[in-house]
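Heads up, the thing below is written out as structure tokens.
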């Protein structure tokens, strides 16, 4: 398993094992194993059983994934809150 370094903003940080950003949003760019991207609500094939990105730190990781960063307003207090917020954002921006 690769080493995971998680982005931080002030004292908050991405929660290891959350994976909400790899499930809720649609991604239109190429992902290894998902050449046409992924629809909203579909688990990325690169998300491990532990909800860690297998492409973290790999140059083949999509730029949109690389740019996504922890945001307390989006990620909330726990994984379920992050999923709910990201699902809502996805549905209101179609």
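See the values below:
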{"item": "Selected residue (only one of 56, 68 is surrounded by 14 or more Cβ atoms within 10 Å (Cβ to Cβ), in contact (Cβ under 8 Å) with a residue 40 or more places away in the chain and under 10 Å from the mean Cα position of the chain (by Cα))", "result": "68"}
{"item": "Residue tally, condition under 13 Å from residue 23 (Cα atoms) and either without any contact (Cβ under 8 Å) to a residue 12 or more places away in the chain or surrounded by fewer than 13 Cβ atoms within 10 Å (Cβ to Cβ) (or both), over the stretch 71-80", "result": "1"}
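Rule-based calculations on the coordinates, nothing more; no lab input. All of these numbers come straight from a predicted model, not from anything done at the bench. FYI the Cβ positions are ideal-geometry reconstructions off the backbone, even for glycines, and counts take in every protein chain you see.
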